[in-house]
1. Of all residues in the stretch 124-156 being of a type in the set (Val, Ile, Thr) and open to solvent by 20 Å² or more (accessible area, probe 1.4 Å), which is nearest to residue 74 (Cα to Cα)?
2. Return only the number of the condition from (1) part of a loop (DSSP other than H, G, I, E, B); (2) closer than 19 Å to residue 172 by Cβ that residue 134 does not satisfy.
3. I'm told residue 197 meets every condition in (1) assigned to a loop (DSSP other than H, G, I, E, B); (2) within 18 Å of the chain's Cα centre (by Cα); (3) of a type in the set (A, V, I, L, M) except one. Can you identify the failing condition by its number?
4. Condition test on residue 111, is it at pLDDT 95 or above and not in a strand (DSSP E or B)?
5. Just name the residue that is surrounded by the most Cβ atoms within 10 Å (Cβ to Cβ) out of those in the stretch 30-84 that are assigned to a strand (DSSP E or B) and β-branched (Val, Ile, Thr).
6. Taking residue 98 as the residue in question, decide whether it is over 25 Å from residue 193 (Cα atoms) and buried (at least 24 other Cβ atoms within 10 Å of the Cβ).
7. Filter the stretch 8-29 for residues that are under 19 Å from residue 123 (Cβ atoms) and either part of a loop (DSSP other than H, G, I, E, B) or acidic (Asp, Glu) (or both) and give the result.
8. Can you name the residue in the stretch 166-197 that is small (Gly, Ala, Ser) and free of Cβ contacts under 8 Å to residues at least 60 places away in the same chain and is also most open to solvent (accessible area, probe 1.4 Å) among such residues?
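The values are calculated or read from the model by the stated rules, or taken from the named source; none is laboratory data. All values reported here derive from a predicted model rather than from experimental measurement. Cβ placement follows ideal geometry from the backbone for every residue including glycine, while neighbour counts extend to all protein chains displayed. What goes into the accessible areas is simple: the full protein's heavy atoms, side chains included, and nothing from ligands, DNA or RNA. Shrake-Rupley method; radii C 1.70, N 1.55, O 1.52, S 1.80 Å.
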Amino acid sequence: MRFVSIEEHDDVAVVRVDRPPANAMDPGLLADAVAATEELAAAEPGAVVLTGRPGFFSAGADLKVVPTLDADGQRAMVDGINGLCMAWYGLPRPVVCAVNGHAIAGGLVFALCADYRVAAADGRYGLTELRAGVPYPTMAIAVVAAELSAPAARRLVLRADLVDAADLRELGAFDEVVPNDEVLDRALVVARDLGALPSSAYAATKRRLRAPTLALAARLQAGEADPLGDAWTDAVTASRAAAILRGD
């Protein structure tokens, strides 16, 4: 079963993530999301809109799955999240994220990989990894640091709480906040505008703008190990994940 699909809307490709109930990330979803970027690179649409399932953009790493993985499996999750960020942050097409519902932890990082973000007014959002005792994979924290101002990153990462869309708009994480039922339509409008820009110049400019973060991605792709990978296998991470699932 695939968790990511691609639809054509004229010259805009709409990529939908759909893993019920909350688009939580497991190895399958991560692999499908990376595979989608390979399809997009081959198809070369004018622009891309990335969105989720009704009510949820993504709840981040699946805390039911992560504690069940052995050391190799948890390291593979870290590599999968790094791969997701590499693929989407480096995609040479314009990418607009239609954040159509809650985006939490890795889900919000995923949204930050886009070039422009239109968010649902009623969602809840946050970089809550610290509450789960889960260190950020190298590419995930690099995207956060690149896309947010230092004060915004400090506020969201170190408080690790949930906030509303207006707060994230003020902090610069979202470009627009609209009613929930207008998110996709507005994202399509922005995507068509971006897609009308000269494509080769857009790709080159985006690559130069993101060069320091993409250089880190290149090192990871060349085989450099993520030093945070082992931290996902410790007992503290497992116990915190279990506590969150219990609602403690």
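1. Residues of the stretch 124-156 of a type in the set (Val, Ile, Thr): 128, 134, 138, 141, 143-144.
In the following step, the residues that additionally are open to solvent by 20 Å² or more (accessible area, probe 1.4 Å) were identified as 128, 138, 141.
Working: 128: 19, 138: 14, 141: 18 Å.
So the residue we want is 138.
2. Tallying (1) part of a loop (DSSP other than H, G, I, E, B); (2) closer than 19 Å to residue 172 by Cβ, residue 134 fails exactly one: (2).
3. (2)
4. Numbers: at pLDDT 95 or above: yes; not in a strand (DSSP E or B): yes.
So residue 111 passes the test.
5. Restricting attention to the stretch 30-84, the residues satisfying the condition of being assigned to a strand (DSSP E or B) are 47-51, 53, 55-58, 61.
Still in the list and also β-branched (Val, Ile, Thr): 48-49, 51.
On the way: 48: 27, 49: 29, 51: 22.
Applying the filter and picking the extreme gives 49.
6. Values: over 25 Å from residue 193 (Cα atoms): no; buried (at least 24 other Cβ atoms within 10 Å of the Cβ): yes.
So residue 98 fails the test.
7. Answer for the stretch 8-29, where residues must be under 19 Å from residue 123 (Cβ atoms) and either part of a loop (DSSP other than H, G, I, E, B) or acidic (Asp, Glu) (or both): 18, 19, 20, 21, 22, 23, 24.
8. Taking the stretch 166-197 and keeping what is small (Gly, Ala, Ser), we get 166, 172-173, 187, 191, 195-196.
Filter once more, so that each one left must be free of Cβ contacts under 8 Å to residues at least 60 places away in the same chain: 166, 172.
On the way: 166: 64, 172: 38 Å².
The selected residue is 166.
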